[in-house]
1. Over the Cα atoms, compute the radius of gyration (one decimal) and Dmax (the largest Cα-Cα distance, rounded to a whole number) for the chain, in Å.
2. Below 8 Å, C-alpha to C-alpha, sequence gap of six or more: please give me the relative contact order for the range 524-588 in percent.
3. Determine the distance separating the Cα centre of the range 50-116 from the Cα centre of the range 424-454; give it in Å without decimals.
4. Quick check: from the Cα gyration tensor, does the range 236-295 come out rounded (a/c under 1.5), prolate or oblate?
5. What do you get when you divide the Cα radius of gyration of the range 395-524 by 2.2 N^0.38 Å, with N the number of residues?
6. How much FRET efficiency would the formula 1/(1 + (r/R0)^6) give for residue 215 and residue 460, where r is the Cβ-Cβ distance and R0 is 35 Å, rounded to 0.05?
7. Once a ≥ b ≥ c are taken as the square roots of the eigenvalues of the Cα gyration tensor of the range 524-588, is the result rounded (a/c under 1.5), prolate (a/b larger than b/c) or oblate (a/b not larger than b/c)?
8. I'd like to compare 478-490, 560-572, 310-322: which one has the highest average count of other Cβ atoms within 10 Å, and what's the full order after that?
């Protein structure tokens, strides 16, 4: 009997001390007590130790300061979610002043709390959501303290991780403590010494990502290294609807097999000299389709004053893969120092095969003019919308407008192969004499006749934008319904950058504006009708009966009638459209 009692006691102790997998909702914040948690690190420590037995939601109830960095593992089929408990701001601040034993990072997915290389573990099904339940405002913030180690960026996803979502958050890396690597807002990576599989099925959506504390600061980095073999590249990566503000690189690409970079807004401001910056930087070992669509590349500033391949590029489309660059805005170029220096300012550099279609490029006037030589090369810089260095390229249905005179600039710099470029709109604004269509054939006529390209393109139409100074390159004003902007729609680009389905006869550039297209001049549109603007409005002299429709510029019908002889209508000052037997003319009163 005594032996039986001792055995039962031992079993009872084993049951009591056995880890119970966690499930359910836990509150995390200052003042929370068991079974809830005062810090996120305490909650994650228990999750790692006990395991996951069902979906877990960690609701952040207050601002939290974490003195240690966090490593989260989830190998289960269940989801771990982190979000605010209410529609109110919640800030998690990391202030560790030293690096981790293993990979650098503040909140790390795919590694245990020891944060040593030996703590790496395959992980999946993690969601960080900055919206409270039912909320639509970004409330959850991941930030580093200025006194923290700079290499520990706010979020790290490392190794064999999958099905990870980071959305609706504010991510701000402001650390200044010395460190030379890992200056990222979000770092998606692999250390080839400890594994061979890059993270996959990662979505980064609707975040504000700001990293501005170092000349090497980067918004999102995807990196395995160079010179390695046997690596499984990252797949299923989606970077969408983020606002990325940084110094050197917005998105860095290495070891990926396909990626979607969609509907983001990029602000790059390189504050030091001797650096090459880019919003999207194709590094090496890329494959599959690199889709860069519906983005706003609207701030590209550089303080470079050094000779060489320095400055800024919107997209460095290099490193492999096939690039699809459709429906984007490119503008906001500038040199921020008066110090002389050769500086590259380029929208897209083609180093791999690129399909560049329905983009709007506005080469704005520069505040400080870079010093160039007569024939710029990669070694000494240039100002251009597209720079072709390599690859097979398809360039169609784009708008290229130059508003820079003092600095020689190009719409397309480099060799354009016959048949690869067409249905584009090129224009240098009034008084601009240093704008060139192409570096080989500066004049449009030579470019078309001798170069044998762009036979259906146009070089006679300016474009009015909503507000080019702030990067809003939507078509506006007198350019609305301008038939000079009409091009045949491409099957591969069925919508514009805002999701509007394109008409068969669509607008060049990224914005499908008001339709239908109309003739942009007032005059005789057919033998039986002559249109004249009068002091009071419009008059049409007809040789016979005609159907007349009069519209406001916004498409509102003012009058519809059939008339013989003469038609007239008094109008207020403004822009209008008149149709005579179905043929439309736009005019200004």
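1. Cα-based Rg and Dmax for the chain come out at 29.3, 121 Å.
2. Values: 128 pairs, mean separation 20.2, N = 65.
About 31 percent, as a whole number.
3. 55 Å
4. Working: a/c = 3.02, a/b = 1.38, b/c = 2.19.
In terms of gyration-tensor shape, oblate.
5. Dividing the Cα Rg of the range 395-524 by 2.2 N^0.38 Å gives 1.06.
6. According to the calculation, E is roughly 0.20.
7. Prolate, because a/c is 1.5 or more and a/b exceeds b/c.
8. 310-322, 478-490, 560-572
Laboratory data are not the source of any read-out in this text; all were calculated from the coordinates shown. Since the structure is predicted, the reported quantities are computational estimates derived from the model, not experimental observations. In this analysis, Cβ positions are derived from the backbone assuming ideal geometry, glycine residues included, and neighbour counts consider all displayed protein chains.
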